[in-house]
1. Could we say that I240 is at pLDDT 90 or above, under 30 Å from Y3 (Cα atoms), aliphatic (A, V, I, L, M) and surrounded by fewer than 23 Cβ atoms within 10 Å (Cβ to Cβ) here?
2. With the checklist (1) without any contact (Cβ under 8 Å) to a residue 12 or more places away in the chain; (2) within 27 Å of G57 (Cβ to Cβ) in hand, flag the one item G88 doesn't pass.
3. Within the group V42, V35, which residue is surrounded by 14 or more Cβ atoms within 10 Å (Cβ to Cβ) and closer than 20 Å to D323 by Cβ?
4. Any idea how many residues of segment 205-233 are buried (at least 20 other Cβ atoms within 10 Å of the Cβ) and touching a residue at least 60 places away in the same chain (Cβ under 8 Å)?
5. Using the structure shown, decide if T60 is touching a Lys or Arg at 6+ places or on another chain (Cβ under 6 Å) and surrounded by fewer than 16 Cβ atoms within 10 Å (Cβ to Cβ).
6. Which one is surrounded by the fewest Cβ atoms within 10 Å (Cβ to Cβ), of the residues in segment 179-204 that are under 15 Å from A225 (Cα atoms) and among the acidic types (D, E)?
7. So D110 fits all but one of (1) assigned to a helix (DSSP H, G or I); (2) in contact with a Ser or Thr (Cβ under 7 Å, 6 or more places away or on another chain); (3) of a type in the set (D, E); what number is the exception?
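The values are calculated or read from the model by the stated rules, or taken from the named source; none is laboratory data. All values derive from a computational prediction rather than experimental measurement. Virtual Cβ from ideal backbone geometry, glycine too; neighbours counted across all protein chains shown.
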Amino acid sequence: MDYLLEIRDIKKYFPIKRTFRQILYPERQQYVKAVDGVSFGVNKGKVFVIAGESGSGKTTVARMIMKAIEPDTGSILFEEEDITKFTGDRLKRFRAKVQMIYQDPYSSLDPRMRILDTVMEPLNIHDNVSSKQQKIEKVFRSLHDVRLEPAAEVASKFPHMLSGGQRQRAALARALVLKPALIVADEPVSMLDVSVRAEILELMRELKEKFQISFVYITHDLSTARYIGDSIAIMYAGKIVEMGPIDNVLLSSLHPYTKALIDAVSEPDPNNLHAEKIIRIKEQVGSADPRDGSGHATSIGEQIGCRFSSRCPDAMEVCRNNDPELLESQRDHFVSCFLYHKKGQAYNQ
């Protein structure tokens, strides 16, 4: 299958800072396996969701896609070219085609710059052909596309003069002004009021259809994920534990961790206000340890079991000593769990 963006077995390990005692008495270096062998593909004009709790590695994947940090191993293919090898003009052209919007719209906008100058900044960097007036027209068009009207009035304002939803629209206009092929959205609605979230998500859906833009949408909220996504990968402790078409994964989930995330989704039913909510997950006792299978602090090359085994209600002995591969249990539905280990073939791209 031809993907716009294809991630192949990327890994990123961060060394854990040594204590004074460890400096005096050297021990084997410990690492946080932030991303540990992640693979997936994003089709043109589709939304690929990466979901999971804080610390699962979602943002680290996003930063590697944007080439803000380099993967330790693996490759990232954009339009069938490995961006990990890009430098100079090739890297600049790539960054014109791939933009990012962040969780906090206020911190992503320079408070000293008017919205006109903020949205025009990517054009000043990448567009050497258009005149200043043409760039201003492109800015107004981009503000119109994200429904910031009247565009000329909004363009003259500073970020502090806008509401949170308007600031996120301005950040989206800034990403949109170059007409990119891919936008990476890192928790773009988590800091907005609930009433505004649906508007921003609906806007992103319209932009996807209108301009055939692909999105990598990063979130911990499965309700927004289903609203906007086409396919989804559930991450836990640096690895994908389940992946597939979004309705298959969320309505017929297989992995115990995915089921626990779904259990935690709030239901907008006043009759359930005082109902006891049961989340299918075991409480983890103590802190993460290199030997306990949690995956949060393990040495490179050390053999561990399933990262979720210490919290999994279905854990078996095989889970504590072996790390399951990502397997195709059903058509296009992949899961990393020994409960389904014999039902498919390993996911390799």
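1. On the way: at pLDDT 90 or above: yes; under 30 Å from Y3 (Cα atoms): yes; aliphatic (A, V, I, L, M): yes; surrounded by fewer than 23 Cβ atoms within 10 Å (Cβ to Cβ): no.
Spelling it out, it is not the case that I240 is at pLDDT 90 or above, under 30 Å from Y3 (Cα atoms), aliphatic (A, V, I, L, M) and surrounded by fewer than 23 Cβ atoms within 10 Å (Cβ to Cβ).
2. (2)
3. Details: V42 fails: closer than 20 Å to D323 by Cβ.
The match here is V35.
4. Here the count works out to 14.
5. Numbers: touching a Lys or Arg at 6+ places or on another chain (Cβ under 6 Å): yes; surrounded by fewer than 16 Cβ atoms within 10 Å (Cβ to Cβ): no.
Spelling it out, it is not the case that T60 is touching a Lys or Arg at 6+ places or on another chain (Cβ under 6 Å) and surrounded by fewer than 16 Cβ atoms within 10 Å (Cβ to Cβ).
6. Residues of segment 179-204 under 15 Å from A225 (Cα atoms): 184-190, 194, 197-204.
Still in the running and among the acidic types (D, E): 186-187, 199, 202.
Details: D186: 22, E187: 20, E199: 16, E202: 12.
By that ranking, first place goes to E202.
7. All conditions pass for D110, except number (1).
Residue-wise test of (1) in contact with a Ser or Thr (Cβ under 6 Å, 6 or more places away or on another chain); (2) in contact (Cβ under 8 Å) with a residue 24 or more places away in the chain; (3) within 28 Å of P180 (Cβ to Cβ).
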site	(1), (2), (3)
D2	no, yes, yes
I10	no, yes, yes
P15	no, no, no
R21	no, no, no
E27	no, no, no
V38	no, yes, yes
F48	yes, yes, yes
S54	no, yes, yes
G57	no, yes, yes
